[in-house]
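The block underneath contains the structure these notes are about, expressed in structure tokens.
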Amino acid sequence: MRLLVITKTIHLQSKGNCDIIDITREVEEQVAGSKIRDGTATIFVVGSTAGITTIEYEPGLVADFKKLWERLAPQNLDYAHNERWHDGNGHAHIRASLLGASLILPMIGGRLALGTWQQVILVDFDNRPRSREVIVQITGE
């Protein structure tokens with residue numbers, strides 16, 4: 001048995017302002033192309049104002065998820081980060097740190113072990129559109 005590690009990159013453009021993007025298909029393509037049958041896929045977004053998780057990607061829940069972030073870390077609060085850098089995205093850094101920048105998913109038989117209604121999403125909390133880089137690191141045999 002030989003352990004393999006394959007690293008792939010996904011590039012995408014976001015709209016910012018709590019843009020929620022379903023990246024399941026892109027991650028699945030990277031996993032399928034790796035030829036690794038059993039192991040894990042680590043999905044990591046580069047940057048400190050975006051996060052990765054799973055959700056049922058349907059309009060009602062996506063809207064609810066956006067509202068949740070406004071309740072947890074409102075955009076219009078006074079953030080020391082904004083006073084120092086004057087970029088208005090202090091809330092985005094707080095939100096991203098709460099959600100987390102990475103997700104580890106099991107792979108079984110060359111496929112992600114996701115539930116029927118479970119999709120992988122990137123949430124861009126920044127206050128402007130961004131080019132985002134997502135690293136998918138596939139480890140297994």
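Restricting the search to segment 26-77, which residues are part of a helix (DSSP H, G or I) and of a type in the set (S, T, N, Q)?
Listed by number, the residues that qualify are Gln30, Ser34.
Taking Leu12 and the conditions (1) surrounded by 14 or more Cβ atoms within 10 Å (Cβ to Cβ); (2) farther than 18 Å from Glu133 by Cβ, which numbered condition does it fall short on, given that it satisfies the others?
Condition (2) is where Leu12 drops out.
In segment 85-141, what count of residues is obtained for those that are farther than 13 Å from Thr24 by Cα, among the polar types (S, T, N, Q) and either outside any helix (DSSP H, G or I) or in contact with a His (Cβ under 6 Å, 6 or more places away or on another chain) (or both)?
6
Each row is one residue, and each column tells you yes or no for (1) out of contact with any Gly (no Cβ under 7 Å at 6 or more places or on another chain); (2) closer than 30 Å to Arg2 by Cα.
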residue: Lys35; (1), (2): yes, yes
residue: Val45; (1), (2): no, yes
residue: Tyr57; (1), (2): yes, no
residue: Trp69; (1), (2): yes, no
residue: Arg84; (1), (2): yes, no
residue: Gly88; (1), (2): yes, no
residue: His93; (1), (2): yes, no
residue: Val120; (1), (2): yes, yes
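Which residue, of Trp69, Trp85, is of a type in the set (Phe, Trp, Tyr) and at pLDDT below 95?
Result: Trp85 is the single residue among Trp69, Trp85 that is of a type in the set (Phe, Trp, Tyr) and at pLDDT below 95.
The values are calculated or read from the model by the stated rules, or taken from the named source; none is laboratory data. Here the structure is a predicted model, which is why all the values come from computation and not from measurement. All Cβ positions, even for glycine, are placed from backbone atoms using ideal geometry, and neighbour counts span all protein chains on display.
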